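Below is one structure, written out as structure tokens; comments come after it.
The values are calculated or read from the model by the stated rules, or taken from the named source; none is laboratory data. As the structure is a computational prediction, the values presented were derived from the model and not from experiment. Don't worry about glycine lacking a Cβ; one is built from the backbone with ideal geometry, like all the others, and counts go over all protein chains shown. All accessible areas refer to the heavy atoms of the entire protein, side chains included, with ligands and DNA or RNA removed. Shrake-Rupley method; radii C 1.70, N 1.55, O 1.52, S 1.80 Å.
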Amino acid sequence: MASSQVQKVLCPVCHQADQVQKASVAYENGVTRLQPPTMPLAHIGMMSYIVIAFGLVAIGAVFILVWSGTSLGDWPIAVKVTVVARTILAIITALVISFFAFIRVVRGDLKTQQYLPAYDKALENWRRLYYCKRDNVVFDAQTNKIISDAELRSMLSVETNVENQEQSQQAAVSHQK
């Protein structure tokens with residue numbers, strides 16, 4: 001039988017392992033500064049588009065109900081054409097508004113997708129971190145380096161990781177020239 005030994009991670013300050021926890025466990029135990037990175041989401045306001053499109057479709061439906069409930073044979077041709085044109089215009093406008101709303105959602109999704117690699121990097125950083133309850137320090141077990149609160153916020157910030165990605169891409173492009 002193979003025995004599985006779990007290697008204990010030692011705190012870089014006190015060199016003890018009894019009070020060391022992974023960042024996820026420490027966060028669950030109430031260490032709020034070790035909150036995992038938040039997944040980037042696009043918040044697209046759609047309610048105004050929905051209300052306007054619904055209103056236009058309702059107007060079109062009222063015109064259709066008016067047609068079916070009354071005899072339009074007595075009305076002048078100009079009134080009939082105006083009613084039909086307004087109904088068609090209301091329905092087309094609702095479709096156009098729906099199209100623009102859909103485009104906004106797609107753009108929001110594309111913007112969110114740009115942040116996903118940075119989110120993955122921030123989450124990877126967070127999973128590497130450990131916390132020592134005795135010394136109240138956060139450290140990276142790979143480098144055995146103590147992480148300050150400012151460094152922690154920077155490591156776990158999606159925006160900071162996006163900026164770092166853009167800078168590294170620009171540097172790679174400039175080296176290729």
Original post:
Going by the structure shown, is Tyr49 within 26 Å of the chain's Cα centre (by Cα), part of a helix (DSSP H, G or I), at pLDDT 80 or above and farther than 30 Å from Ile147 by Cα?
Top reply: yes
Original post:
Of all residues in segment 8-22, which are among the β-branched types (Val, Ile, Thr) and under 12 Å from Lys133 (Cβ atoms)?
Top reply: Val13, Val20
**OP:** Could you grab me the full set of residues in segment 62-88 that are in a helix (DSSP H, G or I) and modelled with pLDDT under 75?
**Re:** Phe63, Ile64, Leu65, Val66, Trp67, Ser68, Gly69, Leu72, Gly73, Asp74, Lys80
Subject >> The one condition in (1) touching a residue at least 40 places away in the same chain (Cβ under 8 Å); (2) surrounded by 12 or more Cβ atoms within 10 Å (Cβ to Cβ) that Gly60 fails to fulfil >> reply: (1)
Subject >> Unmet criterion (only one of (1) in contact with a helix residue (DSSP H, G or I) (Cβ under 7 Å, 6 or more places away or on another chain); (2) within 30 Å of Leu152 (Cβ to Cβ); (3) modelled with pLDDT of 85 or more) for Ala94 >> reply: (2)
Original post:
Taking segment 135-144, which residues are open to solvent by 70 Å² or more (accessible area, probe 1.4 Å) and modelled with pLDDT of 90 or more?
Top reply: Asn136
Original post:
In the set Leu116, Leu123, which member is in a helix (DSSP H, G or I) and either surrounded by 14 or more Cβ atoms within 10 Å (Cβ to Cβ) or of a type in the set (Lys, Arg) (or both)?
Top reply: Leu123
Subject >> So Val83, is it touching a Phe, Trp or Tyr at 6+ places or on another chain (Cβ under 6 Å) and of a type in the set (A, V, I, L, M, F, W, C) >> reply: yes
Original post:
Say we look at segment 14-33 and pick out the residues that are of a type in the set (A, V, I, L, M, F, W, C) and within 18 Å of Arg153 (Cβ to Cβ); which of these is most open to solvent (accessible area, probe 1.4 Å)?
Top reply: Val31
